[in-house]
Amino acid sequence: MTDPRVQKFAEILVNHSARIVKGDRVLIEATQAANPLIRELYKQILEKEAYPVPMIRDFDEQDINYLKYASDEQLDYVPPLRKMAYEEFESRIRISSLTNTRALSKMDTKRIQRRGKALGQITATQMRRGAAGKFKWVSTLFPTEAYAQDAEMSLSDYEDFVYRACHANEDDPITFWNGVREKQQAAVDNIQGHDQVVLQGPNVDLSLSIKDRIFLNSAGVYNMPDGEIYTGPVEKSVNGWVKFTYPAIYKGNVVEGAELTFSNGKVSSAKADKNQDFLLQMLDTDEGSRYLGEFAIGTNFEIDKFTGQILFDEKIGGSFHMALGASYPETGGMNKSAIHWDMICDMRKDSQILVDGELYYKDGNFVF
């Protein structure tokens with residue numbers, strides 16, 4: 001018997017996040033581990049008189065073998081069917097559903113970089129068409145044993161955590177997410193149109209400009225779960241220092257104690273307590289990988305612990321995060337890169353954010 005929360009979860013994705021309407025072609029990307037959710041999505045998309053197109057794969061085996069055995073030419077190859085879907089379809093639902101979250105942790109970083117550059121063309125298409133309102137995409141996660149282990153929970157407890165964070169355990173979750181949008185809009189209205197942002201605390205002393213940039217109110221459209229406001233900072237405006245309080249995870253590699261110093265927007269120095277070599281290699285991916293593509297404040301207090309999944313962790317209430325690499329064009333951000341690597345810093349103690357010299361955020365809460 002299907003967990004009733006899975007049905008509710010699918011309703012959120014179809015009706016609120018991807019906003020499926022009659023005639024939409026909907027790419028569903030997932031592994032077989034997400035079959036309960038895939039089946040429910042398939043049914044509900046058909047009920048909308050739309051067209052579900054599943055792209056189901058065994059991520060662990062396929063990606064390991066591809067990165068292990070592919071020639072340089074094959075690493076540069078862009079999958080034509082996936083590329084076509086991103087260029088032509090109306091919607092995409094991606095469901096992270098790994099059974100081994102560390103499958104790529106021992107893989108040659110240079111091969112990961114090269115493959116990432118090739119697939120970056122697909123990401124660029126997603127961002128470009130999404131910003132133009134021509135592509136409705138959402139990324140989410142289906143709870144698996146692997147994710148539960150990373151979060152140091154039983155699968156049952158992790159399922160409860162996931163569905164609570166998405167509010168799939170409620171009678172009317174769409175009304176809830178619409179309410180989140182209304183509340184977060186006040187935070188957007190109080191920062192939009194300003195210039196200088198200063199972050200201060202035990203782990204950060206950083207300034208950046210948001211002049212002429214657009215803050216977006218993230219309430220379950222592109223991500224589920226959600227809860228953040230974000231923008232693309234002026235690329236060469238970032239100066240100062242930050243030590244990220246949570247592990248920074250990218251392509252299965254865990255970097256602990258990542259510490260970055262910015263000079264005129266660019267990471268001028270970087271170090272980490274663990275996996276520093278990987279951090280430095282990723283910073284040298286391309287011209288844009290040492291610049292920030294995103295600055296965001298997390299607002300979801302249902303996500304009350306770090307779980308090792310950025311989809312959840314970047315939304316932690318009382319934190320901010322920054323992404324190295326690609327900007328979201330709809331924010332006005334112009335940085336381009338094959339990577340988009342979010343890193344998170346807690347702000348719940350002895351910390352503040354000033355906007356044009358006025359207190360905006362104190363110890364994890366907005367104060368306007």
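The values are calculated or read from the model by the stated rules, or taken from the named source; none is laboratory data. Predicted model, so just to flag it, every value in this text is computed and none were measured. FYI the Cβ positions are ideal-geometry reconstructions off the backbone, even for glycines, and counts take in every protein chain you see.
So which residues in the range 315-328 are surrounded by 24 or more Cβ atoms within 10 Å (Cβ to Cβ) and at pLDDT below 95, if there are any at all?
Listed by number, the residues that qualify are Ala326, Ser327.
For the range 238-273: of the residues being of a type in the set (Gly, Ala, Ser) and on the phi > 0 side of the Ramachandran plot, which is surrounded by the most Cβ atoms within 10 Å (Cβ to Cβ)?
Among residues in the range 238-273 that are of a type in the set (Gly, Ala, Ser) and on the phi > 0 side of the Ramachandran plot, the one surrounded by the most Cβ atoms within 10 Å (Cβ to Cβ) is Gly265.
Pro143: within 27 Å of Ser91 (Cα to Cα) and outside the structural domain of Lys315 (by TED's automatic domain parsing), yes or no?
Taking the combined requirement at face value, the residue satisfies it.
Ala186 versus (1) touching a strand residue (DSSP E or B) at 6+ places or on another chain (Cβ under 8 Å); (2) in a helix (DSSP H, G or I); (3) surrounded by 15 or more Cβ atoms within 10 Å (Cβ to Cβ); (4) in contact (Cβ under 8 Å) with a residue 60 or more places away in the chain: which is the lone unmet condition?
(3) is the only condition that Ala186 fails.
Out of (1) surrounded by 17 or more Cβ atoms within 10 Å (Cβ to Cβ); (2) within 24 Å of Lys362 (Cβ to Cβ); (3) of a type in the set (Asp, Glu), what's the single condition that is false for Glu235?
If we test Glu235 against (1) surrounded by 17 or more Cβ atoms within 10 Å (Cβ to Cβ); (2) within 24 Å of Lys362 (Cβ to Cβ); (3) of a type in the set (Asp, Glu), just (2) comes out false.
If Val180 satisfies all but one of (1) in a helix (DSSP H, G or I); (2) over 20 Å from the mean Cα position of the chain (by Cα); (3) aliphatic (A, V, I, L, M), what's the number of the condition it fails?
If we test Val180 against (1) in a helix (DSSP H, G or I); (2) over 20 Å from the mean Cα position of the chain (by Cα); (3) aliphatic (A, V, I, L, M), just (2) comes out false.
Might you let me know whether the range 48-57 holds any residue that is free of Cβ contacts under 8 Å to residues at least 12 places away in the same chain and either outside the structural domain of Gln281 (by TED's automatic domain parsing) or part of a loop (DSSP other than H, G, I, E, B) (or both)?
No, the conditions are met nowhere in the range 48-57.
Looking at the range 66-77, can you tell me whether even one residue there is closer than 27 Å to Leu155 by Cβ, of a type in the set (D, E, K, R) and part of a helix (DSSP H, G or I)?
Looking for residues that are closer than 27 Å to Leu155 by Cβ, of a type in the set (D, E, K, R) and part of a helix (DSSP H, G or I), one finds none in the range 66-77, hence no.
Identify the residue in the range 285-309 that is more than 14 Å from the chain's Cα centre (by Cα) and among the charged types (D, E, K, R) and, among all such residues, is surrounded by the most Cβ atoms within 10 Å (Cβ to Cβ).
Arg290
Restricting attention to the range 107-140, and to residues there that are of a type in the set (Ser, Thr, Tyr) and in a helix (DSSP H, G or I), which single residue is farthest from Asp277 (Cα to Cα)?
Here the answer is Thr125.
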